[in-house]
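The values are calculated or read from the model by the stated rules, or taken from the named source; none is laboratory data. Just so you know, these numbers come straight off a predicted model, no measurement behind them. Quick reminder, even Gly has a Cβ in these numbers, built from the backbone with ideal geometry, and neighbours come from all protein chains shown.
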Amino acid sequence: MRKFLVVLDDSRECLNAMRFAAMRAAHTGGGVQILSIIPPDEFNHWIGVGNIMREEARERIQAHFDVFAKWMRDKQGVDPELVIREGDAVPEILAQIREDPDVGVLVLGAGTDKKGPGPLVSQLSRSSGDLPVPVTIVPGDLAKERLESIT
């Protein structure tokens with residue numbers, strides 16, 4: 001089954017990327033894989049403190065995932081899977097794509113502020129010609145109704 005890989009982070013645009021991935025998966029018989037990445041710089045403390053912070057980050061990710069997963073199951077009939085990786089975002093995204101041959105599309109949300117579309121979209125767009133899967137960039141301010149009509 002082809003999976004839509006979507007990145008779960010604290011950005012506003014993440015919501016539209018999640019919606020898009022779930023709706024496309026529902027309409028095409030695919031699946032959704034939600035990837036959350038814990039940055040390495042969060043744990044540059046003493047080992048004990050770092051381990052506690054890592055566990056708290058995982059709990060926070062699981063809580064966010066549970067909200068999205070319930071919506072995907074209830075509204076779209078899609079049961080997403082959660083993958084948590086630790087490291088720098090772009091290398092971890094690429095590693096996940098390489099390690100899971102079922103990932104067929106990477107879905108990213110684009111920011112809407114004056115700083116640009118966001119670091120992931122910017123970095124991955126520069127290397128998009130070398131990516132092993134297509135990238136779908138979903139505008140962060142796209143209305144829910146418009147999202148529904150294009151998926």
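Some notes on this structure:
- Failed condition for residue 72, given (1) touching a Pro at 6+ places or on another chain (Cβ under 8 Å); (2) in a strand (DSSP E or B): (2)
- Qualifying residue in the range 77-88 (condition: in contact (Cβ under 8 Å) with a residue 24 or more places away in the chain, acidic (Asp, Glu), farther than 18 Å from residue 25 by Cβ and in a strand (DSSP E or B)): yes
- Test: residue 136 is touching a residue at least 12 places away in the same chain (Cβ under 8 Å), within 17 Å of residue 6 (Cα to Cα) and in contact with a His (Cβ under 9 Å, 6 or more places away or on another chain): no
- Some residue of the range 117-130 being assigned to a helix (DSSP H, G or I), closer than 19 Å to residue 21 by Cα and among the charged types (D, E, K, R): no
- Candidate set: the range 36-61, residues that are surrounded by 14 or more Cβ atoms within 10 Å (Cβ to Cβ) and modelled with pLDDT of 85 or more; chosen: the one farthest from residue 10 (Cα to Cα): 58
- The range 90-106: number of residues that are out of contact with any Lys or Arg (no Cβ under 8 Å at 6 or more places or on another chain) and either within 15 Å of residue 34 (Cβ to Cβ) or assigned to a loop (DSSP other than H, G, I, E, B) (or both): 4
- Complete set of residues in the range 107-148 that are within 20 Å of residue 36 (Cβ to Cβ) and in contact with a Phe, Trp or Tyr (Cβ under 9 Å, 6 or more places away or on another chain): 107, 109, 136, 138
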